[in-house]
Each structure stands twice: as C-alpha cells, then as structure tokens.
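The values are calculated or read from the model by the stated rules, or taken from the named source; none is laboratory data. Keep in mind that this is a model prediction, so the values were computed, not measured. Neighbour counts are summed over all protein chains in view; Cβ atoms, including those assigned to glycine, are modelled from backbone coordinates with ideal geometry. Protein only, heavy atoms only, side chains kept; ligands, DNA and RNA dropped before computing areas. Shrake-Rupley method; radii C 1.70, N 1.55, O 1.52, S 1.80 Å.
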Amino acid sequence: MSFPFPDVSNRPITELLSLAGRSALVTGAAQGLGYAIAERLAEAGANVAVADLKADAAAAAAAKLADKYGVKAVGIAMDVSDEASVIAGTDDAIAALGGLNVWANNAGLFPAMPTTEMPLEVWEQVFSVNSRGVFLGSREAAKRMTGTGGVIVNIVSTAGFQVAGPGMAAYIASKHAVVGMTKSMANDFAPLGIRVLGVAPSYVPTEGNIAMAQEMMAQAAAAGIELPPMDVMNQSLIGRTGTPDDIARVALFAASDLSMIMTGSVLLADAGETI
C-alpha cells in the first residue's frame, strides 16, 4: 500500500497553513468555541459549513463569516445525535460547498449532577451528543473523504484525561470515549488518506460554558456544598484563562498541513493544567 500522506517538507509555511480551496464543516458552530474554530478555518481560506441545532443562528453565523473573509459559508441544521440529521446535513453541506476536506466535531453538552441522582436519560443524552455525535460525524465525514483524503478534528476536553469536577461522571466518561475513538479512527482511516486528531481544551469562557458553570454553582449551593470560584483554569501556567480563539488556533493547526505527520494524537490545549 502506498503511503497516502505526502511529504510537505519543501512547501512554504504560508502554503502549509492555507486551507484555500478546501471545505470544512464544524458542528455546534453557531456560537462559542465552534464559531471561533469556524472563523479561523475561514480566515485560512476554507469554505465553511456552520452546523448547529439552531438553524437560524447557523445561517447568521455563516453569513457573517462569508462577509468577513470572502469565503463560501452556509448554515446547516444538524442534530449530531440523530443519524438521519447528520447524513442529511452532510449531504447539504457538500452540495453547497462542493466537497469536504475538514470536519470538526465540536458539539457537546455537560450537565453536572451527582451520579447517585442522575437519571438514565441524562446519562444517555450526554453520550448521544458527546460520543455518538462524534461517531456519526466522523463516519459520514470519512465516507465522503475517501478517495480525496481529509482531516477530522475531535474537540475532546481535559475531562478526557482527568476528573473535571464533582457531578461530571457522564461528561468525563463521554470524553474518555472520544479519546479512544480518536485513536481507533486514526488507525481505521489512515489507509483512506484521512488523519484524525483531537484537541483537548480546559474550560474557556463561552456562552454555554458560563451558563453551565453558573448552574453547577447553583446546584452545589442548593445541596449545601461549597465549591471554589468557577475559575476552573486556575491550574493555568500561562497566567490567564484561555479564550475560544486559543483553542481555535490549535484546531487550525490540526486541520492544516502543518500537522501532516500527526494522526491519532490528542493535543492538550490546557495551559498546562493537566501536567
């Protein structure tokens, strides 16, 4: 079998970073970290499909990217936990953009609840989005990238490597599963010319993360539990909390040819928190 990944050693850095002529889909991209990732990919020249549960918000985000960067961008309604929705959304994105070269599995949720009080439906909902969603997205992306190659970027979490906090059993387990899928899919997809990488951020302040942090504090207070202030990047070695763009730049590296030699790895974008 011939090696499906070229040696890019002689290409200039600007060319290695460029995604011009490529098409990318980012899930959960109408706002927050997903939007930051989509924006950096668009800035690098990629045409972008903004996939999100909220179709109107996805369309608005796509229009903003197209206007700012002069790329083709489209909003896609997608429920990553639903097989039919993922298949249809993928087909819609390819029809609009003309192909698929990068897929970023970003959509996720993380309710906090003591394990002894967690209903089965909550556990299954977390896994349906965080783990099944990665499986479905990666499967459909790989089917369409076969023959042309591409990159799948899974947004994991430091929770894939450590305990993120109390009441997070479902989230932590789902993210450990994504670490395993990243390795296994890298092995399965390499002969197809498809690389699979993970990016594992710690907490960054996005709309969803801020709301969840506030909910965790409220639940703890109601249960008589005193939690430290929700600066959960307090292990940072760089002297500040990370931003969505800090993570988006790592995702861009993973999606670009700068990382051509890498597959199956999970890049810890955590300011040293997990050392």
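Data table
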{"item": "Criterion violated by R195 - all others in (1) basic (K, R); (2) open to solvent by less than 30 Å² (accessible area, probe 1.4 Å); (3) assigned to a helix (DSSP H, G or I) satisfied", "result": "(3)"}
{"item": "Residues that are within 14 Å of A24 (Cα to Cα) and surrounded by fewer than 19 Cβ atoms within 10 Å (Cβ to Cβ), drawn from segment 61-81", "result": "A66, K72"}
{"item": "Matching residues in segment 27-83 - criterion: being among the aromatic types (F, W, Y) and more than 25 Å from Y203 (Cβ to Cβ)", "result": "Y69"}
{"item": "Single residue of A58, A93, A49, A42 found to be touching a residue at least 60 places away in the same chain (Cβ under 8 Å), outside any loop (DSSP other than H, G, I, E, B) and open to solvent by less than 40 Å² (accessible area, probe 1.4 Å)", "result": "A93"}
{"item": "Residue in segment 96-108 that is at pLDDT 95 or above, in a helix (DSSP H, G or I), surrounded by fewer than 18 Cβ atoms within 10 Å (Cβ to Cβ) and touching a strand residue (DSSP E or B) at 6+ places or on another chain (Cβ under 9 Å) present", "result": "yes"}
{"item": "Matching entry among L19, L33 (being farther than 11 Å from A73 by Cβ, out of contact with any Ser or Thr (no Cβ under 6 Å at 6 or more places or on another chain) and buried (at least 24 other Cβ atoms within 10 Å of the Cβ))", "result": "L19"}
{"item": "Tally, over segment 152-168, of residues that are at pLDDT 95 or above and over 18 Å from Y35 (Cα atoms)", "result": "0"}
{"item": "Odd one out for A177 among (1) within 28 Å of I261 (Cβ to Cβ); (2) open to solvent by less than 30 Å² (accessible area, probe 1.4 Å)", "result": "(2)"}
{"item": "Within segment 1-16, considering residues that are part of a loop (DSSP other than H, G, I, E, B) and aliphatic (A, V, I, L, M), the one surrounded by the most Cβ atoms within 10 Å (Cβ to Cβ)", "result": "V8"}
{"item": "Residue within segment 119-136 that is more than 24 Å from A51 (Cβ to Cβ) and part of a loop (DSSP other than H, G, I, E, B) present", "result": "yes"}
{"item": "Condition broken by I152, with the remaining ones in (1) touching a Gly at 6+ places or on another chain (Cβ under 9 Å); (2) assigned to a helix (DSSP H, G or I) satisfied", "result": "(2)"}
{"item": "Qualifying residue in segment 82-90 (condition: within 24 Å of A269 (Cβ to Cβ) and open to solvent by 20 Å² or more (accessible area, probe 1.4 Å))", "result": "no"}
{"item": "Among residues of segment 259-273, those that are open to solvent by 30 Å² or more (accessible area, probe 1.4 Å), aliphatic (A, V, I, L, M), closer than 25 Å to P244 by Cβ and assigned to a loop (DSSP other than H, G, I, E, B), counted", "result": "1"}
{"item": "Filtered residues of segment 140-149 (kept if in a helix (DSSP H, G or I) and either surrounded by 15 or more Cβ atoms within 10 Å (Cβ to Cβ) or in contact (Cβ under 8 Å) with a residue 40 or more places away in the chain (or both))", "result": "E140, A141, A142, R144, M145"}
{"item": "Count of residues meeting criterion [more than 22 Å from V199 (Cβ to Cβ) and in contact with a Leu (Cβ under 7 Å, 6 or more places away or on another chain)] in segment 126-160", "result": "1"}
